[in-house]
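The values are calculated or read from the model by the stated rules, or taken from the named source; none is laboratory data. Every value quoted in this text rests on a predicted model; they were computed, and no experiment measured them. Neighbour counts run over all protein chains shown; Cβ positions are idealised from the backbone, glycine included.
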Amino acid sequence: MEIIKDLPEVFEEFAEQRQKSFLMMKEYKDKGIPVVGAYCTYFPKEIAMAMGAATVSLCSTSDETIPEAEKDLPKNLCPLIKSSYGFAKTDKCPFFYFSDVVVGETTCDGKKKMYEYMSEFKDVFVMELPNTQGPEALKLWKKEIIRFKEYLEKKFEVTITDEDVRKAVKIENEARKALKRLYEVMQHDPAPISGHDLFKVLYGSTFKLDRSEIAGEVNALADKIEAEYAEGKMLEKKPRILITGCPIGGATEKVIRAVEDNGGVVVTYENCTGAKSIDRLVDENAEDIYQAIAERYLAIGCSVMTPNPNRFDLMGRLIDEYQVDGVLEMTLQACHTYNVETRAIRKFVNEEKGIPYINVETDYSQADVGQLNTRIAAFIEML
């Protein structure tokens with residue numbers, strides 16, 4: 001596959017993927033294809049894909065529906081939870097509307113209580129995610145994955161075979177490999193593209209209904225970027241920033257813009273939109289494919305895990321591989337696990353990796369854009 005279009009046009013197409021998928025949802029439903037919606041990186045999408053379902057990320061990154069959500073939920077709850085619930089309650093998210101089932105997980109206390117309310121008007125399947133990553137936790141998580149499979153078989157009156165699961169694993173692994181290859185172009189210094197353009201592809205791909213299309217499209221894009229870089233098309237040399245912390249998208253893209261409007265370039269994302277959800281593959285050749293899926297997902301380094309060594313391992317590797325000059329951690333207001341972990345991340349970045357760190361706490365409003373720009377500009381200036 002070769003890309004004929006110019007890169008800016010391709011990036012915009014990925015940015016518009018969410019809207020495109022909105023329009024495709026009705027087609028899928030008319031064809032009788034089940035739709036499974038989810039919010040979290042821990043969602044084992046291969047199980048839903050194995051029965052021929054479309055899997056999609058649900059709306060949770062705008063403050064548009066938060067006032068409606070606050071009629072049921074406390075104001076001092078993280079905006080991601082309020083936005084998720086608000087879009088669900090108001091039916092303003094086509095992905096939620098067309099989902100036959102929504103898969104939740106017990107990542108944090110606020111989310112799991114919110115799912116109780118959501119289940120009053122939608123089929124919600126909540127997976128019990130352990131908050132540790134040892135052998136006993138892995139046993140529980142594998143049981144949960146099999147319980148999810150059995151739930152889908154019963155609800156949709158289908159049989160999900162091991163062969164179906166292995167095929168889905170292969171498709172999703174190919175997508176991960178392609179996305180990883182794409183974000184690895186940012187190891188070049190100077191960077192070949194902006195971090196915001198990279199983000200458009202990473203974020204847009206989460207709304208791709210046919211997961212088998214991702215690998216071909218993204219590999220072709222990576223080829224084109226590399227070819228243009230070899231011809232000398234690149235950004236000027238700028239301070240290189242790693243973004244970590246809470247999930248970014250929609251309203252919180254203001255943080256990416258604040259970096260890149262003030263002289264920096266985001267070369268890598270450790271968070272859920274970036275390496276955290278792409279870095280690890282499922283072992284396709286494992287004798288027990290459910291064990292392999294359980295191992296891959298439970299190893300994700302999220303702040304809900306106690307302790308959380310895998311986040312530090314991944315971040316350390318990214319700092320080295322992407323020649324990072326500074327780390328920016330974005331935390332959402334009232335996201336307790338990420339906010340508590342900032343101290344440990346700051347210490348790791350400053351003392352073990354020897355580079356500067358800044359934490360910005362924000363929400364989904366645009367009221368703090370000026371303040372964000374001031375703080376982030378000062379941070380970049382000192383690098």
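Some values worked out for this structure:
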item	result
Verdict on Cys108 being under 25 Å from Lys200 (Cβ atoms), buried (at least 21 other Cβ atoms within 10 Å of the Cβ) and within 19 Å of the chain's Cα centre (by Cα)	no
Residue match in the range 226-236 (condition: of a type outside the set (Lys, Arg) and under 20 Å from the mean Cα position of the chain (by Cα))	no
Boolean, Val267 is out of contact with any Gly (no Cβ under 8 Å at 6 or more places or on another chain) and either within 25 Å of Asn339 (Cα to Cα) or at pLDDT 95 or above (or both)	no
Count of residues meeting criterion [closer than 13 Å to Arg18 by Cα, over 11 Å from the mean Cα position of the chain (by Cα) and not β-branched (Val, Ile, Thr)] in the range 197-209	3
3 or more residues buried (at least 16 other Cβ atoms within 10 Å of the Cβ), at pLDDT 95 or above and in contact with a Phe, Trp or Tyr (Cβ under 8 Å, 6 or more places away or on another chain): qualifying helices (runs of 4 or more DSSP H) within the range 156-253	195-204
Pair list, Cβ < 7 Å and 6+ apart or interchain, from the range 186-211 residues that are over 25 Å from Gly264 (Cα atoms) to residues that are of a type in the set (Asp, Glu) and modelled with pLDDT of 95 or more	Arg211/Glu172
Residue among Lys170, Lys111, Lys154 that alone is closer than 24 Å to Asn76 by Cα and among the basic types (Lys, Arg)	Lys111
Condition check for Leu152: under 20 Å from the mean Cα position of the chain (by Cα) and at negative phi	no
Count of residues meeting criterion [free of Cβ contacts under 8 Å to residues at least 60 places away in the same chain, within 16 Å of Ile380 (Cβ to Cβ) and either out of contact with any helix residue (DSSP H, G or I) (no Cβ under 9 Å at 6 or more places or on another chain) or among the β-branched types (Val, Ile, Thr) (or both)] in the range 223-254	3
Residue match in the range 142-152 (condition: part of a helix (DSSP H, G or I) and touching a Leu at 6+ places or on another chain (Cβ under 6 Å))	no
Selection count, the range 306-336, where residues are under 19 Å from Glu184 (Cβ atoms) and polar (S, T, N, Q)	1
Tyr42 vs. criteria surrounded by fewer than 24 Cβ atoms within 10 Å (Cβ to Cβ) and under 21 Å from Ile300 (Cα atoms)	yes
Residue within the range 327-344 that is over 18 Å from the mean Cα position of the chain (by Cα), within 30 Å of Thr65 (Cα to Cα) and of a type in the set (Gly, Ala, Ser) present	yes
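To keep it simple, each residue is scored yes or no on (1) out of contact with any strand residue (DSSP E or B) (no Cβ under 9 Å at 6 or more places or on another chain); (2) of a type outside the set (D, E, K, R); (3) buried (at least 17 other Cβ atoms within 10 Å of the Cβ).
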residue: Pro8; (1), (2), (3): yes, yes, no
residue: Glu12; (1), (2), (3): yes, no, no
residue: Ser21; (1), (2), (3): no, yes, yes
residue: Tyr28; (1), (2), (3): no, yes, yes
residue: Val35; (1), (2), (3): no, yes, yes
